[in-house]
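Enquirer: Once you've had a glance at the structure underneath, I'll fire off some questions.
The values are calculated or read from the model by the stated rules, or taken from the named source; none is laboratory data. For clarity, every value in this text was computed on a predicted model and none was experimentally measured. Every residue, glycine among them, receives a Cβ derived from its backbone with ideal geometry; neighbour counts consider all protein chains shown. All accessible areas refer to the heavy atoms of the entire protein, side chains included, with ligands and DNA or RNA removed. Shrake-Rupley method; radii C 1.70, N 1.55, O 1.52, S 1.80 Å.
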Amino acid sequence: MPEADAPATEDLLAAWTALLRRCGSATDPEPAGRELLRRWSEPQRRYHTVDHLRAVLGHVDTLAEHADDPDAVRLAAWFHDAVYRPDRSENEERSAALAVRALDGSGLPAARVAEVARLVRLTVTHHPEPGDRDGEVLCDADLAVLGGGPEAYAAYAAAVREEYAFVPEPDFRAGRAAVLRQLLALPALYRTTTAHRRFDGPARANLAAELAELTELTELTEHTELTDLTDLTDLTEHTERPELTELAGPEAPAGSG
């Protein structure tokens, strides 16, 4: 895994430094930026990596005109998966707490720090309230991956599976399928006009295709297991036939079982 100051992340570090200075940081932003990049480069990550961070920041820039406070959204993007353990459920809350500590320490205004923490927590549900323009931009940017091309979406889905490698395949398929159904049932996956126009159609096609594949795999597995069980039942029934029992050899002495 590359170090946080490797060339692959120098653009991100420069963007973080400029963002913090623009927001009025009273301290040198670079140490906090390197710590964030270290977190985003942790070995357990497969999808939630610096590439995801870079992509979300890019989408925030594209949607920035919709936001009331674009820099608060950018700050939230930096922190929204800064704490990430796939085997834990409190990642967003811990990420929000990290944002508060880091931004308070940088001397940013309390109101903006609170807004950043709120936005980070919003990524638990990705359901901003009507009129929450900052929340709409962050959530649309975070979910933009769903509306990528088929190959990009397949790579995303495979990376998510790798992050959850500790979950048995049947359990993962069931949980993932439930999430996909919930997303497809939403009247709108994206809240901003730009993201909706660009991503909604491709996202629904990608989600439906993955759900169909998961359903097919589940049905195939269940059919195979049922066939194996039927074969085992047939074998048991055959073994109980006298002519086949005799072929098994002399009966064991009574009481030897």
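Enquirer: For the range 95-228, compute the orientation-averaged projected area of the C-alpha convex hull (one quarter of its surface), in nm².
Expert: Averaging across all directions leaves 10.2 nm² for the Cα convex hull.
Enquirer: So, one more: Using R₀ = 25 Å, calculate the FRET efficiency as 1/(1 + (r/R₀)^6) where r is the Cβ-Cβ separation of residue 162 and residue 205; round to 0.05.
Expert: 0.60
Enquirer: Give the Rg (one decimal place) followed by the Dmax (whole number) of the range 118-187, computed from C-alpha coordinates and expressed in Å.
Expert: Considering the range 118-187 through its Cα atoms, Rg and Dmax are 13.9, 40 Å.
Enquirer: Assuming 1.002 mPa s and 20 °C, estimate D for the range 1-112 with Stokes-Einstein, Rh taken as the Kirkwood radius over Cα pairs, in µm²/s.
Expert: Estimated diffusion coefficient is 150 µm²/s.
Enquirer: For residue 35 and residue 193, what is the calculated FRET efficiency with R₀ set at 45 Å and r taken between the beta-carbons, to the nearest 0.05? Let's see the in-between values first.
Expert: Numbers: r = 36 Å, r/R0 = 0.80.
So the FRET efficiency works out to roughly 0.80.
Enquirer: Follow-up. Please list log₁₀ I(q)/I(0) at q = 0.15, 0.17, 0.27, 0.31 Å⁻¹ for the range 172-226, using the Debye equation with identical point scatterers on the alpha-carbon positions.
Expert: Calculated log10 I(q)/I(0) at the listed q: -0.49, -0.59, -1.02, -1.16.
Enquirer: Assuming R0 = 41 Å, what is the FRET efficiency of residue 93 and residue 219, from their Cβ-Cβ distance, to the nearest 0.05?
Expert: Working from the Cβ atoms, E equals 0.65.
Enquirer: Roughly speaking, what is the stretch gain from residue 172 to residue 18, that is 0.36 nm per residue apart minus the C-alpha to C-alpha distance, in nm to one decimal?
Expert: Full extension of this stretch gives 51.4 nm more.
Enquirer: Under the √(5λ) rule applied to the eigenvalues of the Cα gyration tensor, what semi-axes describe the equivalent ellipsoid of the range 26-86? Give them in Å, descending. Don't skip to the end; give the middle numbers.
Expert: Numbers: eigenvalues 88, 51, 15 Å².
They are 21, 16, 9 Å, listed from largest to smallest.
Enquirer: Ignoring any ligand, DNA or RNA, what whole percent of the accessible area of the range 1-90 comes from carbon and sulfur when the probe is 1.4 angstrom?
Expert: Roughly 50 percent, rounded to a whole number.
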